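Chemist: Pasting in a structure now, in structure tokens, and then I'll have a few things to ask.
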Amino acid sequence: MQREWMTIVAHQSIANQTYLLELQGSLPQFVETPGQFVHIQVSDDFFLRRPVSIADVDSDKGSVTLLYKVMGKGTDALTKKQIGDKLDVLGPSGTGFPIDELMTNKALLIGGGIGVPPLYCLAKNLKARGIEVMSILGFRSREDVFFTEKFQSLGDVHVATNDGSMGTRGFVTDVIPQVDGYDTYFSCGPTVMLKGVKEQLKGVPGYISIEERMGCGVGACFACVVECADEEDTKGYRKICSDGPVFRPEEVIL
Amino acid sequence: MIDTKVDLPGLQLKNPVMPASGCFGFGREFAQFYDLSQLGAIMIKAATATKRFGNATPRVAETASGMLNAIGLQNPGVDAIIDEELPFLEPYNTPIVANVAGSTMEDYEEVAAKLGKSTVSALELNISCPNVKEGGVQFGVDPELAYTVTKLVKEASAKPVYVKLSPNVTDIVTMAKAAEEAGADGLSMINTLTGMRIDPFTRKPIIANQTGGLSGPAIKPVAIRMIHQVYQAVNLPIIGMGGIETTDDIIEYLLAGASAVAVGSANFKNPYICKELIDQLPDALSAHQFSSVKEIIGGVHHQTTST
């Protein structure tokens, strides 16, 4: 992990309140697994950094692609940053999806909202390893949908929107019964979604990536913890920023 | 040559900068960014008699010039800290200040007794955590309880004891005097100010615990005022803390009466902050025409207005 002033090489709106930000620097060469994130200091006006997951890594260009949603003043200020500006970035942070250890032939990816981006990085990595990928992507409404065509280039895609304006009306959990043939699942999104996915896919090997408000983002402050399910574990918790954000679903209590 | 050394009870500091308790874990994470032996001392995360999971999440929220937190004293318990965390820090040859927390008098006594036999250089008595339901903060707002728990901890261990004062009181001087009378060796001040934020969209408090402790530059003027008051009223050395981010902040704390400082939530913003401040301090002191840290302590000039 390092702190670096990275240069913005692309920055554009891609959906409702959703932006694509591409940053160049030496950090991309240290990204080890999909699911890792960076911790961004938007400006001196904001006290805490913002964790943003890595959606793609381009090692030739030395860049990382981040997708973020405007959630408040900090992310709104981030939208004002322009190509050529430099951003104070800490990372790559966290422990991502353990792709080297995977024993899977067909993966089901389930993403909700701003939980979709890290799954794109994962999908590309799985595909490169000859693993078949299919995705269920959930959004609030048609205006919030992004990256579906990118996922389509890697495998089958099913879209769910809460208001039914695109794809299946409802949640990703409404789509899961419509698909089969997968042997492992990977999911990222709001905790309530992950909880539903975990219950529905009990018995299927999987990995989930958890979102939480963070303090330090390096594992020192204990702000973003999740209770662990293993009673043998004397710690009784996992740190989302450093032990995670990716966990096995049976490892944590959501 | 600028002299940055400070001698406090139990703490021979090569410089007056240390990370504040609760903002630095047990040092492991920050050891990947710089050599921890550069620090004046390390104040480690609170220890309780048995392990604590702490509060529900979300535990943090941003505020103007600061943040709210309600971690709830999450820690693996004093035994695990002594067995598993202290051995990691010992090779750095930097004084360790252990933060002692509890819910009952017996808890404080047990933790202090165990840490008293460990390799830590001093104890910081946490009677001011605003984020635990029982114990904790009551000890820090009632002078009689503060006196009793300080005396108990002094008797339970031979280590110097720094009492960490809560700013959530009407009269900070009364609390400082109670600690002094009970035999405290020093004070650390201030802990966080109790605060709250509400999300206008969900209409719910942002922090699961509802309230949290406010830290960061927002609280610095409160800390400076309280240290200035206490410095004039008691004879104990003070470790100052609250929103320190620059070398001028450090000088301001020293002028108010602090003998050393602790950097808290700024570590979250910039993990290199303590090292950067330590590196910059000699030049900053000389820019202000100081040749040592010691000569600054309590050096605030009282302006008198004549009519």
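The values are calculated or read from the model by the stated rules, or taken from the named source; none is laboratory data. Predicted model only: the values in this text are computed from it and were never measured. Backbone-built Cβ (ideal geometry, glycine too); neighbour counts: all protein chains shown. Ligands, DNA and RNA are excluded from the accessible area calculation, which covers all protein heavy atoms including side chains. Shrake-Rupley method; radii C 1.70, N 1.55, O 1.52, S 1.80 Å.
Chemist: With a 1.4 Å probe and every protein chain kept in, tell me what percent of the accessible surface of segment A:212-254 is carbon plus sulfur. Display every interim value, and only then the final one.
Modeler: Numbers: 640 of 1610 Å².
So the carbon and sulfur contribution to the accessible surface is 40 percent.
Chemist: Would you pull out the residues with amide H under 5 Å of A:T184's amide H, same chain only if 5 or more places away, H placed 1.01 Å from N?
Modeler: Hits under the 5 Å cutoff: A:K106, A:L108.
Chemist: Under 9 Å from the Cβ of A:A107, count the other residues' Cβ atoms, weight Lys and Arg +1, Asp and Glu -1, and hand me the total.
Modeler: Summing Lys/Arg as +1 and Asp/Glu as -1 gives -1.
Chemist: Rolling a 1.4 Å sphere over the protein heavy atoms, what is the accessible area per residue of segment A:212-254, to the nearest Å²?
Modeler: 38 Å²
Chemist: Please state the relative contact order of segment B:198-255 as a whole percent: Cα pairs under 8 Å, 6+ residues apart? The partial results should precede the final answer.
Modeler: Details: 36 pairs, mean separation 18.4, N = 58.
Result for segment B:198-255 is 32 percent.
Chemist: Enter the accessible area of A:E101 (Å², nearest 10), with the probe set to 1.4 Å and all protein chains included.
Modeler: 140 Å²
Chemist: Roughly speaking, what is the centre-to-centre gap between segment B:177-252 and segment A:61-101 when only Cα atoms are used, to the nearest Å?
Modeler: Here the answer is 33 Å between Cα centres.
Chemist: Any idea of the total accessible area buried by the B-A contact, 1.4 Å probe, rounded to 100 Å²? Let's see the in-between values first.
Modeler: Numbers: alone 13170 and 11870 Å², together 22420 Å².
The contact between A and B buries close to 2600 Å².
Chemist: Got a number for carbon plus sulfur as a percent of segment A:2-93's accessible area, 1.4 Å probe?
Modeler: Values: 1720 of 3820 Å².
The nonpolar share, carbon plus sulfur, comes to 45 percent.
Chemist: Another one. If Lys and Arg each add +1 and Asp and Glu each add -1, what is the summed charge of the other residues whose beta carbon sits under 13 Å from the beta carbon of A:A15?
Modeler: Details: positive: A:K69, A:R140, A:R142, A:K150; negative: A:E143, A:D144, A:E149.
Combined, the nearby Lys, Arg, Asp and Glu give +1.
Chemist: Taking a temperature of 25 °C and a viscosity of 0.890 mPa s, what whole-number D in µm²/s does Stokes-Einstein yield for segment A:2-93 with Rh from Kirkwood over alpha carbon pairs? Provide the component values of the computation, followed by the final result.
Modeler: Details: Rh = 12.9 Å.
It comes out at roughly 190 µm²/s.
Chemist: If you average 1/r over all unlike Cα pairs in chain A and invert the result, what Kirkwood radius do you get in angstrom? Numbers along the way, then the final one.
Modeler: Working: mean 1/r = 0.0544 Å⁻¹.
Over chain A, the inverse of the mean reciprocal pair distance is 18.4 Å.
Chemist: Something else: Give me the percent of the accessible area of segment A:99-211 that comes from carbon and sulfur atoms, probe 1.4 Å, all protein chains in place. Let's see the in-between values first.
Modeler: On the way: 2350 of 4940 Å².
The computed percentage sits at 48.
Chemist: If you wrap the protein assembly as shown's Cα atoms in a convex hull and average its projection over all directions, what's the area in nm²?
Modeler: On the way: hull surface 111.7 nm².
The number I arrive at for the protein assembly as shown is 27.9 nm².
Chemist: Just to check I understand the Karplus step: with θ = phi - 60° and J = 6.51 cos²θ - 1.76 cosθ + 1.60, what whole-Hz values come out for segment A:147-162, glycine and proline as x?
Modeler: Those phi angles translate into 6, 4, 5, 5, 5, 4, 6, 10, x, 5, 10, 10, 10, 10, 10, 4 Hz.
Chemist: Take the residue pairs A:K69/A:K239; A:K69/B:K204; A:K235/B:K177 and return only those whose Cα atoms are more than 27 Å apart.
Modeler: On the way: A:K69/A:K239 23 Å; A:K69/B:K204 21 Å; A:K235/B:K177 39 Å.
Over 27 Å apart, Cα to Cα: A:K235/B:K177.
Chemist: Let me ask something additional. Over chain B, what is the relative contact order in percent, taking alpha-carbon pairs closer than 8 angstrom and at least six residues apart? Spell out each step's value before the answer.
Modeler: Numbers: 722 pairs, mean separation 61.6, N = 307.
The value is 20 percent.
Chemist: Segment A:129-194 to segment B:147-161: how many Å between their Cα centroids?
Modeler: So the two Cα centres are separated by 59 Å.
Chemist: Are there residues in segment B:63-97 whose accessible area shrinks by at least 50 Å² when all protein chains are included rather than the chain by itself, and which are they (probe 1.4 Å, ligands and nucleic acids not counted)?
Modeler: Correct list: B:Q74.
Chemist: Which three numbers, in whole Å and largest first, are the semi-axes of the equivalent ellipsoid of segment B:84-224 derived from its Cα gyration tensor as √(5λ)? Before the final figure, lay out the partial values.
Modeler: On the way: eigenvalues 152, 71, 43 Å².
So the equivalent ellipsoid measures 28, 19, 15 Å along its semi-axes.
Chemist: Moving to a separate point now. So which of A:K61/A:K124; A:K124/A:K195; B:K45/B:K114; B:K151/B:K220; B:K14/B:K220 end up more than 19 Å apart by C-alpha? Write down the numbers at each step before the final one.
Modeler: Details: A:K61/A:K124 17 Å; A:K124/A:K195 25 Å; B:K45/B:K114 16 Å; B:K151/B:K220 29 Å; B:K14/B:K220 24 Å.
In this structure, A:K124/A:K195; B:K151/B:K220; B:K14/B:K220 exceed 19 Å between Cα atoms.
Chemist: In whole Hz and in residue order, list the ³J(HN,Hα) couplings for segment A:240-254 that follow from phi through the Karplus curve 6.51 cos²θ - 1.76 cosθ + 1.60, θ = phi - 60°; x for Gly and Pro.
Modeler: Coupling constants for segment A:240-254: 5, 6, 10, 6, x, x, 8, 9, 7, x, 6, 7, 10, 9, 8 Hz.
Chemist: Just give the residues from segment A:31-49 buried by at least 50 square angstrom of accessible area in the all-chains context relative to the isolated chain, probe 1.4 Å, and say none if nothing qualifies.
Modeler: Output list: A:F47, A:L48.
Chemist: Could you tell me what a quarter of the Cα convex hull surface of segment B:162-211 works out to, in nm² with one decimal place?
Modeler: Working: hull surface 17.3 nm².
Its average projected convex-hull area is 4.3 nm².
Chemist: State, as an integer percentage, the relative contact order of segment A:2-93 based on alpha-carbon contacts under 8 Å between residues 6 or more apart. Could you put the intermediate results ahead of the total?
Modeler: Values: 198 pairs, mean separation 37.8, N = 92.
It rounds to 41 percent for segment A:2-93.
Chemist: Here's a follow-up. Whole-Hz ³J(HN,Hα) for each residue in segment B:70-77, computed from phi via Karplus 6.51 cos²θ - 1.76 cosθ + 1.60 with θ = phi - 60°, x for glycine and proline: what do you get?
Modeler: 9, 6, x, 6, 4, 6, x, x
Chemist: Compare B:D185, B:D248, B:D83 in a GNM of chain B, Cα atoms joined below 10 Å, and give the one with the largest fluctuation.
Modeler: B:D83
Chemist: With a point put 7 Å past each Cα toward its Cβ, work out how far B:D142 is from B:Y34 in nm, to one decimal.
Modeler: Between B:D142 and B:Y34, the simple spin-label model gives 4.2 nm.
Chemist: Using every Cα-Cα pair within chain B, state what percent have a distance larger than 31 Å. Spell out each step's value before the answer.
Modeler: Working: 11016 of 46971 pairs.
Looking at chain B, the distances longer than 31 Å represent 23 percent of pairs.
Chemist: Where both partners of a DSSP beta bridge lie in the protein assembly as shown, what percent of those bridges are antiparallel, to the nearest 5?
Modeler: Working: 55 of 105 bridges.
Antiparallel bridges: around 50 percent, rounded to the nearest 5.
Chemist: Still on this model: For B:T194, what residues show an amide H to amide H distance below 5 Å, using hydrogens built from the backbone and excluding near sequence neighbours?
Modeler: Those lying under 5 Å, H to H, from B:T194 are B:L214.
Chemist: OK, next. Using a Förster radius of 30 Å, what is the FRET efficiency between A:I253 and B:Q210 based on their Cβ-Cβ separation? Nearest 0.05, please. All intermediate terms of the calculation are to be shown ahead of the outcome.
Modeler: Values: r = 22 Å, r/R0 = 0.73.
With R0 = 30 Å, the Cβ-Cβ based efficiency is 0.85.
Chemist: If I model a spin label as a point 7 Å beyond the Cα along the Cα-Cβ vector, how far apart are those points for A:E231 and A:S165 in nm?
Modeler: 4.8 nm
Chemist: Now for a separate question. Could I have the simple spin-label model distance between B:S291 and B:V173, label points 7 Å from Cα toward Cβ, reported in nm to one decimal?
Modeler: Using points 7 Å along Cα→Cβ, the separation is 3.5 nm.
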